[in-house]
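To keep things clear, I will list the structure first and then write my remarks on it.
The values are calculated or read from the model by the stated rules, or taken from the named source; none is laboratory data. The model shown is predicted, which means the values in this text are computed figures rather than measured ones. Here the Cβ positions follow ideal geometry from the backbone for every residue, glycine too, while neighbour counts run over all protein chains shown. These area figures cover heavy atoms from the full protein model, side chains too; ligands, DNA and RNA do not enter into them. Shrake-Rupley method; radii C 1.70, N 1.55, O 1.52, S 1.80 Å.
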Amino acid sequence: MTEPAAVSSPGLSPGEPVDPTPRSAGARDRLRAVLIRLRGGDLGLLPVLAGLVVIWVVMQILNPIFLSSANLTNLALESVPVGIIALGIVCVLLVGQIDLSVGSVSGLGAAVLAVLFVDRGLPAWLAVAVSLALAGLIGWFYAQVHNRIGVPSFVITLGGLLGFLGVQLWILGPKGSINLPFDSGLVVFAQLHFLPPWLAYALVVAGAAVLYATGAARASERRRAGLTAASRRLLAGRSLALLAGLGAGVWYLNRDRGVGWMFVFFLALVLALHYVLSRTSFGKSMYAVGGNMEAARRAGVNVKAVLTTAFVLCTTLACVGGILSASRLAAANQSSGGGDVNLNAIAAAVIGGTSLFGGRGTAFAALLGVLVIQSISSGLTLLNLDSAYRFMVTGGVLLLAVSLDAVARRSRVSHGRA
């Protein structure tokens, strides 16, 4: 009887058996894996991070006030409403759809809130709940028209853009504007509430600890499955880097007013969506539907339910953004959700790395993308340049982001990754 031949790998001498014990991937292995992904067109968040650094350096050179703690605090707060709307756009783009009505839905949500809270005298929490329910119903309606009749989401939401803008103007009536009380909880939350320094530092320490704990748990799962995993030294280094970076950022912002509660709320939404997308079966279903809808259906994914949830999440988050925008301005008016809100939200999701072709993107795309757009706006405002330059620069950055996405997609196809 012939003995089975010893299994060998390219990294071992001929005849030397493979060690079945899973090993930890060190920094060199991780760097090699990152380079392989980059060559394969998987750029991740690298382009937007590089772009953000370039924008900040250029703006700081042109105006030394740009990176002051006061301006960065304002920049963070101004980013929140559009950033939350962009978070919903990430959801629909992941499943290969689009929502062009998020600006109108956000304005309608703000108008409904103002009418119920100020004119009708309802408690603020109840007015917010009704606004969110109405927005969720709009998303459900979009999904039903798409799933049952087959109308493209581009057409459905284009109609919604016009229709719900009309509803917003009708609700506000001839006066066209409703002021929110300055002492109401919504306005105070959006304008005046900042974290105490000790709590901000405590959250930074907690975030670094959670990053290490989740990384260690995932590494243990991979080792039990016989796969390579990040070493404890690498995980500790990553957590310490996060601790140092966020700690320095919090220290710098605390030189002015500190970290606003509204920005913390935005970060919490980003982390919650990131967990859903990366750690739950529903999140994997969203990527599967956006990557190949027919393959996902054949694999047993309830495609219609996934699309419905994505649309509902998008319109609900648009309403949240509209409510926070009205709270920050202490008013809801006919221009709420208008202007460039719609385009900025979509541009933020795309600039942040979410693919227009579906199936690729993360929740952090909304955070980084809106920081890019708001940085351009803030920097040009400090230079006393009007909106024309802001539109041109933002349009150029958007074109660059979409071009990078198209080139990366072509590279992934050539490497068999798409």
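Tell me the per residue accessible area of the chain using a 1.4 Å probe; a whole number in Å² is fine.
Values: 21200 Å² over 418 residues.
Ligands and nucleic acids excluded, the figure is 51 Å² per residue.
Quick one: order His274, His193, His146 from most to least accessible surface, probe 1.4 Å. Please list the in-between numbers first.
Details: His274 70, His193 90, His146 35 Å².
I get His193, His274, His146, largest accessible area first.
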Counting only C-alpha contacts under 8 Å and six or more residues apart, can you give the relative contact order of region 77-155 as a whole percent?
28 percent
Before anything else, pin down the relative contact order of the chain: Cα pairs under 8 Å, at least 6 apart, normalised by residue count, whole percent.
34 percent
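So what is the calculated 222 nm ellipticity per residue for the chain, using -39500 (n - 2.57) for each DSSP H run with n of 4 or more, over all residues, to the nearest 500 deg cm²/dmol?
Details: 16 runs with 288 residues, N = 418.
Taken over the chain, the calculation gives -23500 deg cm²/dmol.
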Leaving ligands, DNA and RNA out of it, rank Arg222, Arg390, Arg297, Arg120 by accessible area with a 1.4 Å probe, largest first.
Arg120, Arg297, Arg222, Arg390
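How much length would be gained if the chain were fully extended between Asn147 and Lys175, taking 0.36 nm per residue of separation minus their Cα-Cα distance, in nm to one decimal? Intermediate values should be presented prior to the final figure.
Working: separation 28, 0.36 × 28 = 10.08 nm, distance 3.88 nm.
Result for the pair: 6.2 nm of gain on full extension.
Probe radius 1.4 Å, ligands and nucleic acids ignored: give me the carbon and sulfur share of the accessible area of the chain as a rounded percent. Before the final figure, lay out each step's value.
On the way: 14270 of 21200 Å².
Summing carbon and sulfur atoms, their accessible area is 67 percent of the total for the chain.
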Note to self: C-alpha centroids of region 112-132 and region 304-339 sit apart, in Å, by 15 Å
So, in nm, how far is label Ala305 from label Leu400 when the simple model puts each one 7 Å beyond its Cα toward the Cβ?
4.3 nm
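If the chain between Trp140 and Asn74 were fully stretched, how many nm would it gain, using 0.36 nm times the residue separation less the Cα-Cα distance? All intermediate terms of the calculation are to be shown ahead of the outcome.
On the way: separation 66, 0.36 × 66 = 23.76 nm, distance 3.48 nm.
Length gained, Trp140 through Asn74: 20.3 nm.
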I need the phi-derived Karplus couplings for region 104-109: 6.51 cos²θ - 1.76 cosθ + 1.60, θ = phi - 60°, integer Hz, Gly and Pro marked x.
5, 5, 5, x, 5, x
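Considering Cα pairs under 8 angstrom that are at least six residues apart, work out the relative contact order of region 168-244 and quote it in whole percent.
Details: 28 pairs, mean separation 19.7, N = 77.
Relative contact order here is 26 percent.
Suppose every K and R has +1 on its Cβ and every D and E has -1 on its Cβ; what is the size of the dipole of the chain about the Cα centre, in Debye to the nearest 20? Show your work: numbers first, answer last.
Working: 30 positive and 15 negative charges, 222 e Å.
Dipole size: approximately 1060 debye.
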Answer label for volume of the Cα convex hull per residue in Å³ (calculated), chosen among [x] 174; [y] 151; [z] 137
[x]
Could you calculate the contour length gain from Phe282 to Ala206, that is, 0.36 nm times the residue separation minus the distance between their Cα atoms, to one decimal place in nm?
24.7 nm
Which of Asn147, Asn333, Asn342 fluctuates most in a GNM of the chain (C-alpha springs under 10 Å)? That residue is Asn147
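Let's test the formula: R0 of 45 Å, r as the Cβ-Cβ distance of Gln60 and Leu192. What FRET efficiency results, to the nearest 0.05?
Numbers: r = 28 Å, r/R0 = 0.62.
With R0 = 45 Å, the Cβ-Cβ based efficiency is 0.95.
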Each label point is 7 Å from the Cα along the Cα-to-Cβ direction; what then is the distance between the points at Leu67 and Ala295, in nm?
4.3 nm
Selected from Ala114, Ala70, Ala129 as most flexible by GNM, with the chain as the system and alpha-carbon contacts under 10 Å
Ala129
